[in-house]
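Reading through the structure tokens given below for one structure.
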Amino acid sequence: MSSNSKLQFRHELKFYINHLQYHLIRAKLKNLMELDEHAGPSGEYHIRSLYFDDIFNKALDDKQGGVSDREKYRIRIYNVEDRIIHFEKKIKRGEYIAKVKLSLTRGQVDELLAGNIEVMNIPGQPLAMEIYERMKYKLLRPKVIVDYVREPYVCKNGNVRVTFDKDLRSGLHRTDLFDRNLPAVKAIDENLIILEVKYDEYLPGYIRDALQVEGLTRQSASKYVICRKLIKNNLWEDH
């Protein structure tokens with residue numbers, strides 16, 4: 001686990017694209033980049049993140065308020081399995097992002113979601129202790145599940161990662177991370193796909209040209225904010 005002094009910050013760009021743009025960009029990228037080794041036979045994998053926020057909804061408010069330096073906490077799993085579980089802290093500094101993560105067991109997550117924050121009281125694990133203190137003193141708690149399917153491409157040149165995130169869904173009030181039948185609801189227009197581009201110092205020109213980033217619509221709202229807002233909308237509809 002990294003300390004702040006060892007954080008590696010990367011560029012992160014996000015765009016909304018439609019299905020036509022997706023097929024055009026994907027056709028170009030397939031000749032320039034490799035499919036990520038973690039992608040399944042379909043070239044995709046499923047991501048589920050359980051986002052946490054404190055009693056003041058700081059992560060939500062900072063994002064909506066345009067605060068350039070902010071942090072988010074989430075537990076992330078893949079393909080709704082408990083083989084790999086990470087508690088992640090995502091740090092944003094302007095246009096740059098970094099991640100610190102801690103591996104958890106299914107038992108630790110089950111305990112945590114049952115309300116036992118003491119499982120994060122792990123001396124010698126800085127991120128675990130930071131999360132534990134936020135849970136104890138700022139009431140950091142689970143807020144929303146964010147589901148989507150990711151199609152990932154990578155390139156060693158510039159350490160570039162381009163992902164197409166499809167079928168974004170919100171778990172609304174439900175926080176059962178491992179429920180394969182979670183009744184998640186669509187969070188954005190089904191014609192939209194989120195294109196994310198991450199890289200270190202530079203984005204190679206041939207990839208930039210393939211993406212034609214200048215002609216794309218930047219995505220301002222995060223997946224977390226989109227899915228949290230759906231909870232409010234559903235509450236209004238219920239009444």
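Note that region 59-67 has calculated 3J(HN,Hα) couplings of 4, 5, 5, 4, 5, 5, x, x, 5 Hz, one per residue in order, obtained from phi through the Karplus relation 6.51 cos²θ - 1.76 cosθ + 1.60 (θ = phi - 60°); glycine and proline are x.
A probe of 1.4 angstrom, applied to the heavy atoms of all protein chains, finds GLU111 with accessible area near 90 square angstrom. On a per residue basis, the chain carries 52 Å² of accessible surface, using protein heavy atoms and a 1.4 Å probe. Whole-Hz Karplus values for region 28-39 come out as 6, 5, 4, 8, 10, 10, 9, 5, 4, 5, 7, 5 Hz, taken residue by residue from phi with 6.51 cos²θ - 1.76 cosθ + 1.60 and θ = phi - 60°; glycine and proline positions read x. Here is the list for region 160-203: chymotrypsin sites (Phe, Trp or Tyr not before Pro) lying in DSSP coil, each with at most 14 other C-beta atoms within 10 angstrom of its C-beta, are TYR202. For VAL144, the amide hydrogen comes within under 5 Å of the amide hydrogens of TYR51, counting only partners 5 or more places away or on other chains and with H modelled in the peptide plane.
Compare SER220, SER68 by solvent-accessible area with a 1.4 Å probe and give them largest first, with all protein chains kept in place.
Result, largest first: SER220, SER68.
When restricted to Cα atoms, region 135-239 yields an Rg and a Dmax of 17.1, 53 Å, respectively.
Its convex hull of Cα atoms gives region 74-201 a direction-averaged projected area, equal to a quarter of the hull surface, of 9.6 nm². Mean projected area of the convex hull spanned by the Cα atoms of the chain, taken over all viewing directions: 13.8 nm².
Need one number: the % of Cα-Cα pairs in region 107-159 sitting beyond the 12 Å mark. Walk me through the numbers on the way to the answer.
Details: 1006 of 1378 pairs.
Here the tail beyond 12 Å accounts for 73 percent of pairs.
Our coupling estimate for region 144-154, obtained by passing each phi through the Karplus curve with A = 6.51, B = -1.76, C = 1.60 and θ = phi - 60°, is 7, 8, 10, 10, 6, 10, 10, 10, x, 10, 10 Hz, Gly and Pro reported as x.
Taking trypsin sites (Lys or Arg not before Pro) as candidate sites, keep only those in a DSSP loop with at most 15 other Cβ atoms within 10 Å, then name the longest stretch of the chain containing none of them. Mind dumping the intermediate values first?
Working: sites that count: LYS30, ARG83, LYS138, LYS156, ARG174, ARG180.
In the chain, the maximal stretch lacking such sites is 181-239.
The values are calculated or read from the model by the stated rules, or taken from the named source; none is laboratory data. All values derive from a computational prediction rather than experimental measurement. When we count neighbours, we look across all protein chains shown, and the Cβ atoms used for this are built from the backbone with ideal geometry, even at glycine. Side chains included, ligands, DNA and RNA excluded: accessible areas come from the protein's heavy atoms. Shrake-Rupley method; radii C 1.70, N 1.55, O 1.52, S 1.80 Å.
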